[in-house]
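Peer 1: Got a structure for you, written out below as structure tokens; questions coming shortly.
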Amino acid sequence: MSEQPAPEADIGSRQPLEPAAADAVRAYAAKTRETADQFAAVLEDLAENGLPSVDDCTPWEDLRETHLARLAGKRPAVA
């Protein structure tokens, strides 16, 4: 990803953001960059060390059920 700002020619025709909106966009960009860096680190580890053994992995069904339970816990109860 490029961390370079947009070229000057493009900036003149743009509508500026409110300061709070600009801060929110920067925060989102930082979070997205952090997530991409974590993903890249996992891919680099796989390239360097290969795939983990099956015994060291969690079946996707277990991951799915855990995630669905977490989502259900966030949902408000219906009377």
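Peer 1: Modelled label-to-label distance, LYS31 and GLU61, 7 Å Cα→beta-carbon offset: nm?
Peer 2: About 3.3 nm, to one decimal.
Peer 1: I would also like to ask the following. How large is ³J(HN,Hα) for each residue in the stretch 18-32, as worked out from phi by the Karplus curve 6.51 cos²θ - 1.76 cosθ + 1.60 (θ = phi - 60°), to whole Hz, x for Gly and Pro?
Peer 2: The phi angles translate into 5, x, 5, 5, 4, 4, 5, 5, 5, 5, 5, 4, 5, 5, 5 Hz.
Peer 1: Also: Quick one: the Cα spread of the stretch 20-61 along its three principal axes, in angstroms, biggest first?
Peer 2: Computed over the stretch 20-61, the largest-to-smallest principal extents equal 48, 27, 8 Å.
Peer 1: How high is the FRET efficiency from GLN4 to ASN49, r the C-beta distance, R0 35 Å, rounded to 0.05?
Peer 2: Using R0 = 35 Å, I get an efficiency of 0.60.
Read-outs throughout are calculated quantities, based only on the coordinates presented, and are distinct from any laboratory measurement. If you're wondering where the values come from, they're calculated on a predicted model, not measured in any experiment. Here Cβ is always computed from backbone atoms with ideal geometry, including for glycine, and neighbour counts include all displayed protein chains.
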